[in-house]
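To start, the structure itself, in structure tokens.
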Amino acid sequence: MTLFRSNRNGRLVIAYMMIWSLFGLAAPGVIFADEMPKESVLALSMANKAIQAALEACKKDGYRVSVSVVDRAGVLRAMGRADGAGPHTVDSSRKKAYTAASVRRPTSELADLITKIPSLQSLRDMNGDILILGGGLPIEIGGEVVGGIGVGGAPGTHLDDACAQEGLDAIGAAPKVPTPK
């Protein structure tokens, strides 16, 4: 067999693999694979369902908005723009979703926080995708933040928050709208 005609190192590798398999031991690569983190992924169908629910909630109240959903890394997963929604709502919804996923908090909470503690204003400058303005909520399912949803275009950030919460409710995510103080 050509398998055994290889050099001495090749035979050692084969012998090593046979010993590992004879004793029912996992190969070293498998051991390392167990150390890899396991993360849930927000399904595209869930992202679309959240977007549709948020759009419908805002439409019912007469608001023309855009809704974006990002994954845990802040990468856009899906986006929807209502008929007549302003072009600025596209970017604002995405940035709100990104911010909520990135900091794992509602963007309204962050806006309140930097108002109360002015030294935190620099949070706005972390990167060009941060938007600290109400309307962004983290998407938490099963105790794990799997993404963020952002709504832009309603006549008030508390209304953006309410529409975003409708999106979370539609997919069974944990409620995130901050309680009024």
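Model label points for Ile117 and Phe32, set 7 angstrom from Cα along the Cα-to-Cβ axis, are 4.1 nm apart.
Residue by residue, segment 154-170 carries 3J(HN,Hα) couplings of 6, x, x, 5, 5, 6, 4, 4, 4, 5, 4, 4, 4, x, 4, 4, 5 Hz when phi is fed to the Karplus relation 6.51 cos²θ - 1.76 cosθ + 1.60 (θ = phi - 60°); x denotes Gly or Pro. Ranking of Thr115, Thr107, Thr157, Thr89 by neighbouring Cβ atoms within 10 Å, starting from the fewest: Thr115, Thr157, Thr89, Thr107.
Segment 94-121 and segment 141-179 have their alpha-carbon centroids 14 Å apart. For the peptides 42-52, 133-143, the ranking by packing is 133-143, 42-52, with the highest mean count of neighbouring Cβ atoms within 10 Å listed first. Taking other C-beta atoms within 10 angstrom as a stand-in for reagent exposure, Glu35, Glu166 fall in the order Glu35, Glu166, fewest first. Listed by Cβ neighbour count within 10 Å, with the fewest neighbours leading, Lys176, Lys38 appear as Lys38, Lys176.
Taken together, the values in this text are just the output of simple stated rules run on the coordinates, not laboratory data. Quick caveat: nothing in here was measured; it's all calculated off a predicted structure. Neighbour counts run over all protein chains shown; Cβ positions are idealised from the backbone, glycine included.
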